[in-house]
Amino acid sequence: DEEFNELCFEFGLELDEITSEKDIISKEKGEDRAKGASDTVLYKIDVPANRYDLLCLEGLVRGLQVFKERINLPRYEKIIPAEGEGQKLIITEKTVQVRPHAVAAVLRDITFTKERYDSFIDLQEKLHQNICRRRALVAIGTHDLDTISGPFTYTAKAPLEIKFKPLNQSQEYTASQIMDLYRTDSHLRHYLHLIENKPLYPVIYDSNGVVLSMPPIINGDHTKISINTKNVLIECTGTDITKAKIVLDIIVTMFSEYCEKPFTVEAVEVVYPNGKTHIYPELAYRKEKVKPELINKKIGISETPSSLAKLLTRMCLKSHVIGNGNNIEIEIPPTRADIIHACDIVEDAAIAYGYNNIQMAIPKTYTIANQLPLNKLTELLRLDLAAAGFTEALTFALCSQEDVADKLGMDISATKAVRIANPKTAEFQVARTTLLPGLLKTIAANRKMPLPLKLFEISDIVVKDPNTDVGARNYRHFCAVYYNKSPGFEIIHGLLDRVMQLLEVPPNEENGYTIKAAEGSAFFPGRCAEVFAKGQSIGKLGVLHPDVITKFELTMPCSALEINIEPFV
């Protein structure tokens with residue numbers, strides 16, 4: 001495990017954790033649910049989002065083997081069948097309105113095992129989520145070629161005219177019924193919106209009218225692949241032709257190693273509505289030239305051109321020195337769609353060299369850093385508040401709508417809270433507009449601790465502000481709470497006086513601070529005061545209302561202070 005972790009790090013990946021199915025289920029759903037789950041050790045590896053070639057075991061192992069110089073990078077080859085023998089995919093002009101692009105390829109004489117088959121399905125799912133943008137840009141379909149006969153037609157029809165048996169279903173449905181059927185499916189319902197409101201739905205037929213798939217929703221059951229499948233037709237339909245080509249290239253390069261002739265792919269001819277034809281997959285190799293001194297300069301190393309070429313070859317970028325060592329010629333394989341610019345090549349050279357092996361150097365530019373004044377003030381205050389006997393808490397910047405509104409007796413619209421469009425949990429719906437709920441939740445979680453509880457926090461809050469470029473503004477707030485058998489208003493009031501003393505703000509109206517009786521929805525009537533300083537209201541202090549205390553599941557009285565410290569910077 002240690003060695004593998006080290007290897008991943010050297011290769012620019014991160015071994016996130018070593019776990020098992022049992023561990024994962026017990027963490028998410030509790031130990032009772034995890035009974036009977038597998039104990040097999042699983043490695044969870046973080047792969048950079050641009051490295052589509054590492055998203056399956058085949059690609060990852062191949063990449064690491066080349067990196068360790070145990071194997072040479074395979075050469076991927078497309079085989080163009082003799083005239084009239086190859087497969088054809090004909091695109092009709094009806095698809096233009098829905099999903100205009102389609103590409104295809106065939107893996108001949110492939111041998112699947114359970115592991116390989118699972119990996120094959122898994123890679124498609126990962127690509128769907130990643131480069132395919134949840135199937136919006138590209139959708140992948142894989143079919144058993146021996147169950148169908150070409151040429152294939154990619155067209156679009158009215159939902160009621162499409163009828164077939166979807167994958168793993170027992171009867172035929174029309175396209176409209178399929179949409180209704182999957183509306184409750186936890187996996188497929190997320191893709192329905194992609195074509196739901198279109199007048200025509202995309203569909204692929206073979207020469208006998210058998211439906212291969214209705215992208216991007218579901219394949220037909222007739223062509224489903226299994227462990228025993230020998231010939232696989234892969235089609236990718238989409239709205240982005242570049243992404244579709246990349247996805248097809250990745251799938252065929254990853255799994256062509258299991259074909260009878262390893263690393264060969266049978267090409268498919270795609271016929272466009274205008275009559276033009278194109279052979280896919282492209283499997284394009286291209287050459288780039290980069291000067292060795294550029295690589296050395298950007299990374300901060302001084303390697304010879306030949307050793308740089310060797311480093312790049314270890315990263316699946318076959319390289320050699322040309323022109324008396326003035327240039328390195330790099331061949332970019334079809335698996336590396338992420339190499340767009342010379343910088344990408346330099347980055348790979350740096351990974352192969354080893355980030356830890358690069359000598360640290362003092363930058364040539366000379367600058368003196370300075371702490372942000374607001375942060376400096378925050379740091380100084382934190383020290384003195386701790387000295388005053390208060391304990392610092394750090395709470396989440398996001399909270400639920402109830403926390404900042406209902407529980408404090410306010411309406412959500414009055415809080416000017418910034419809402420999150422698609423919150424993952426009910427606890428994180430809005431950015432906090434006040435620090436008070438976080439501290440009260442902290443007390444609720446620490447009720448077993450001996451009284452009194454004295455907590456404070458100095459952090460940012462966020463409110464909507466139409467006058468800023470981003471529509472919201474941060475304010476640095478200071479909040480303190482005192483929780484005991486008696487409200488302890490005098491303790492919070494004393495803390496305010498101490499903070500003002502530290503800030504050298506005298507207690508008078510002209511150029512100091514004053515407090516005036518006020519009302520606040522979260523405070524007890526008649527026990528609340530507003531704090532004025534620098535000619536403006538900076539916050540409130542007081543005894544919390546019993547309703548607020550019970551809503552946060554507390555049982556004792558509590559007094560609180562919250563002020564904005566930015567005017568004092």
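The trypsin sites (Lys or Arg not before Pro) of the range 110-163 that DSSP puts in a loop, and whose beta carbon has at most 16 other beta carbons within 10 Å, are Arg133, Arg134.
Short-range pairs are left out: with C-alpha atoms under 8 Å and at least six residues apart, the relative contact order of the chain is 11 percent. Each semi-axis of the equivalent ellipsoid for the chain is √(5λ) with λ an eigenvalue of the Cα gyration tensor; in descending order they amount to 59, 34, 22 Å. Using the alpha-carbon atoms, what tilt in degrees (0 to 90, nearest 10) does helix 436-445 show relative to the longest principal axis of the chain? Here the helix axis deviates by roughly 80 degrees. Each residue, Leu294 and Glu2, gets one label point 7 Å from its Cα in the Cβ direction; the gap between the two is 4.2 nm. Rolling a 1.4 Å probe over the protein heavy atoms gives the range 1-97 an accessible area of 67 Å² per residue. Entry comment: accessible area of the range 175-238 is 40 Å² per residue, from protein heavy atoms only and a probe of 1.4 Å. Averaging Cα coordinates gives a centre for the range 102-132 and one for the range 533-561; these two points are 59 Å apart.
Extent along the principal axes, Cα only, for the range 439-514: 46, 35, 17 Å, with the longest axis given first. Taking chymotrypsin sites (Phe, Trp or Tyr not before Pro) across the range 376-439, the ones in a DSSP loop with at most 14 further Cβ atoms lying within 10 angstrom of their Cβ are Phe396, Phe428.
In this structure the amide hydrogen of Glu14, modeled in the peptide plane, comes within under 5 Å of the amide hydrogens of Asp46, none closer than 5 places in sequence on its chain.
Length available on full extension from Tyr475 to His320: 0.36 nm per residue minus the Cα-Cα distance, which gives 50.2 nm.
Distance from the C-alpha centroid of the range 144-158 to that of the range 413-458: 57 Å, rounded to the whole angstrom. Estimated from helical segments only, the mean residue ellipticity of the chain at 222 nm is -7500 deg cm²/dmol, where each DSSP H run of four or more residues counts as -39500 (n - 2.57). Once you reduce the range 260-280 and the range 350-400 to the center of their Cα atoms, the two points are 55 Å from each other. Less than 15 Å Cβ to Cβ from Gly535, Lys/Arg counted +1 and Asp/Glu -1: what total charge do the surrounding residues give? With Lys, Arg at +1 and Asp, Glu at -1, the neighbours total -2. Per-residue Karplus couplings for the range 14-25, computed as 6.51 cos²θ - 1.76 cosθ + 1.60 with θ equal to phi - 60°, are listed in order as 10, 7, 5, 7, 10, 9, 8, 4, 4, 4, 4, 5 Hz, Gly and Pro entered as x. Between Lys485 and Asn130, how high is the FRET efficiency from 1/(1 + (r/R0)^6) when r is the Cβ-Cβ distance and R₀ = 45 Å? Nearest 0.05. Efficiency for this residue pair is about 0.20. Taking all protein chains together and a 1.4 Å probe, the residues Val462, Val470 rank Val470, Val462 from largest to smallest accessible area.
Is the shape of the range 332-447 rounded, prolate or oblate, going by the alpha carbon gyration tensor and its root eigenvalues a ≥ b ≥ c, with a/c under 1.5 for rounded and a/b larger than b/c for prolate? It is oblate, given that a/c is not under 1.5 and a/b is not larger than b/c.
Is the range 373-568 best put as rounded, prolate or oblate by its Cα gyration tensor, with a ≥ b ≥ c the root eigenvalues, rounded for a/c under 1.5, and otherwise prolate when a/b is larger than b/c, oblate when not? Judged from the Cα gyration tensor, the range 373-568 comes out rounded (a/c under 1.5). Surface composition of the chain: carbon and sulfur atoms hold 51% of the protein heavy-atom accessible area at a 1.4 Å probe.
Ranking Asp344, Asp411 from most to least accessible surface, computed with a 1.4 Å probe over the protein chains only, gives Asp411, Asp344.
Of the GluC sites (Glu not before Pro) in the range 476-569, the ones in a loop by DSSP (not H, G, I, E or B) with at most 14 other beta carbons within 10 Å are Glu504, Glu509, Glu510, Glu519, Glu553.
Using the average count of surrounding beta-carbon atoms within 10 Å as a protection proxy, the listed peptides 35-42, 138-145, 267-274 rank, highest first, as 138-145, 267-274, 35-42.
Could you check what % of the DSSP bridge pairs in the chain are antiparallel, to the nearest 5? Percent antiparallel among DSSP bridges in the chain is about 90. Counted by Cβ distance under 15 Å from Ala342, the other residues give a net charge of -1, where Lys and Arg count +1 and Asp and Glu count -1. Accessible surface computed residue by residue for the range 286-357, with neighbouring protein chains in place and a 1.4 Å probe, gives 49 Å² per residue.
The values are calculated or read from the model by the stated rules, or taken from the named source; none is laboratory data. Bear in mind that the values here come from a model prediction, so they are computed numbers and not experimental data. In this analysis, Cβ positions are derived from the backbone assuming ideal geometry, glycine residues included, and neighbour counts consider all displayed protein chains. When the accessible area is computed, the model is the full protein with side chains, heavy atoms only, and any ligands, DNA or RNA have been set aside. Shrake-Rupley method; radii C 1.70, N 1.55, O 1.52, S 1.80 Å.
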